[in-house]
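Before any comments, here is the structure.
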Amino acid sequence: MKLINLFPHWRMSPPQILALGFICTIIVGMLILKLPVSTVHGITWLDALFTATSATTVTGLVVLNTGSDFTIVGQIVIMVLIQIGGLGLMTFAIITVLVLGKRIGLRERVLIQEALNQHSIGGVVKLVKILFLFSITIEFIAALLLSFRWVPEYGWKDGVFTSIFHSISAFNNAGFSLWSDSLTGYRGDPTINIVITVLFIIGGIGFTVLYDVMTTKRFRLFSLHTKIMLTGTVVVNIIAMIVIFLLEYGNPLTLGALPLSDQLWTSYFQAVTPRTAGFNTLEIGDMNPGTIVFMLLLMFIGAGSASTGSGVKLTTFLIIILAVITYLRGKQETVIFHRTIHHDIIIRALAIVVISLSIIFLVILGLSVTENAPFIHIVFEAFSAFGTVGLSMGLTDQLSIYGKQMIIVLMFIGRIGPLTLAFALAKSAKRTVSYPKGEVFTG
C-alpha cells in the first residue's frame with residue numbers, strides 16, 4: 001500500500017494534505033486527552049482541543065498545568081503529539097511505510113519535499129531517515145544528560161520521565177514543562193541551561209541545515225541557506241543576550257536581585273528562548289516594557305525553515321533587512337556571501353511578513369474585544385501563539401471561550417501558514433498579458 005492511499009483520492013495540493021494531517025492529529029489528540037484516564041480532574045472539550053493544538057503545533061501555551069492536571073497517560077499523549085508535530089507528520093508516515101517494507105512513490109516524495117521545504121525530490125527519503133535517526137539520538141543523549149541532574153532530585157522513575165519529557169519538548173521547540181513556573185527554579189544551573197538551549201537551538205536551525213552540516217562539514221562549501229542560518233543565529237542570539245541583559249540589569253524583579261553568574265545564564269536563556277522555544281527562567285510579566293517589546297520581535301522572527309520552530313523564519317527576516325540595506329545603498333542586487341538573492345525570493349519574504357502581520361493584527365483586534373486584559377498582554381499572547389513560542393504574561397489560562405478559539409486558530413496558522421504560504425508564493429503564474437508600466441509615488 002502506498003503512503004498516498006492513506007488519503008482519499010482528493011485533488012489536494014501538498015500543503016492542503018499536510019494541513020489536513022495536522023488537523024487529524026489534533027483531533028485524535030483531543031479525543032484521547034478528553035478521556036478520564038488522561039486527566040486528574042477532567043477537562044472540557046475546548047481545553048482538550050487547545051492542549052492538543054498547542055502540543056501538535058509545538059507551541060507550549062497551556063490552559064491547564066501539565067504536571068499536576070494531567071496524568072502520566074495525558075503527559076505521554078502530549079509528549080507524542082509534540083514529537084509528531086515537531087519532526088513532522090510526513091516524517092513519521094514515511095518511517096512507518098519504510099518499516100512495513102512498502103514503496104515510496106513520486107507523490108509521497110513530493111509531499112516530503114513540501115514538508116521539509118526542499119527544492120527538489122531527489123534524496124528526500126534518505127534525508128528523512130537521517131534526520132529521524134539524528135533527532136532520536138540527540139533527544140536520547142540529552143535525556144541521559146538531564147537524568148544525571150534530575151534522577152538524584154526526583155528519583156529514578158520521575159527523574160527519567162522528567163528528563164525524557166523535557167528533552168523531547170526542548171528539541172521540538174514546544175516549551176511544555178512539567179512545572180507551572182517552567183524552568184525558573186533552574187535559572188542558574190549550567191547543566192539545565194546548556195542542555196535545554198542546545199536542544200532547541202539545534203531543533204530550530206532547521207533539518208536541511210543540520211543535514212548540510214553533517215554531510216559537508218566545511219563552512220565555505222555550505223549552501224547559501226546554511227551559511228545565512230548559522231551566521232544569523234549566532235549574531236541574533238548574541239545581540240539578544242546583550243539587549244536583554246542591559247534592559248533587565250536594574251530590574252529588581254528579574255536580574256537585579258541575582259548574582260552575576262545567574263544574571264548571565266538567565267540573560268542567555270531568555271535571549272534564545274523567544275525564537276519559538278517557549279521555556280522561561282524569568283517571570284515574563286515582571287520584565288520591563290522595553291524587554292517585552294524586544295521579545296515580540298524575536299518571537300515574530302522565529303526559527304529556521306524546515307525546523308521544529310515557527311515564526312516568519314530567520315532567513316525571511318534577514319533577506320528583507322538585506323534588501324532594505326541594498327536599497328539604501330543605491331544598489332540593484334541584494335548580495336550576501338558572494339551570492340545574489342533573486343528578486344522573487346525577496347518578494348516572497350515580503351509577502352510572508354505582510355500576511356503574517358495582518359493575521360496577527362486581526363487576532364489582536366479580536367482579543368481586544370473579547371478579553372478583559374492589559375493590551376500588552378494581548379499583544380504578547382498573539383505574537384507568542386503565531387510564533388508557536390509558548391511564552392505568556394499570564395493570559396492563557398484566563399482567556400474566554402472566544403479567546404481560546406482565536407488562539408487555537410492562530411497557533412495552527414503559525415505552524416502551517418508560513419510553510420504553506422512559502423510553497424504557494426513560490427509558484428509564479430504564467431503571464432499571458434503584459435500591461436504598460438505605471439508610476440506610483442511612495443514614501
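Below are the figures for this structure:
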read-out	value
Ratio Rg/Rh [Cα only; Rh per Kirkwood] for segment 161-205	0.93
Projected label distance in nm at residue 223 and residue 327, using a 7 Å step from Cα toward the beta-carbon	2.8 nm
Cross-link pairs beyond the 25 Å C-alpha cut-off, checked among 129/157; 129/217; 227/437; 313/437; 217/313	129/157; 227/437; 313/437
Radius 14 Å from Cβ of residue 53, net charge of other residues (Lys, Arg +1; Asp, Glu -1)	+2
Average accessible surface area per residue within segment 122-234, 1.4 Å rolling probe, Å²	42 Å²
Residue-normalised accessible area of segment 293-361, expressed per residue, 1.4 Å probe, Å²	50 Å²
In order through segment 48-63: 3J(HN,Hα) via Karplus (6.51 cos²θ - 1.76 cosθ + 1.60), integer Hz, x for Gly, Pro	5, 5, 4, 5, 5, 5, 4, 6, 5, 8, 6, 8, x, 6, 10, 9
Fully extended contour minus Cα-Cα distance, from residue 65 to residue 238, at 0.36 nm per residue	59.0 nm
Counted charge near residue 81, where neighbours are those whose Cβ lies closer than 14 Å (Asp, Glu -1; Lys, Arg +1)	+2
Positive minus negative residues near residue 185 (Lys, Arg vs Asp, Glu; Cβ under 13 Å)	-3
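The values are calculated or read from the model by the stated rules, or taken from the named source; none is laboratory data. These numbers come from a predicted model, not from an experiment. Ideal geometry is used to build each Cβ from the backbone, glycine not excepted, and the neighbour counts take in all protein chains shown. Side chains are part of the model used for accessible areas, which takes the heavy atoms of the whole protein and leaves out ligands, DNA and RNA. Shrake-Rupley method; radii C 1.70, N 1.55, O 1.52, S 1.80 Å.
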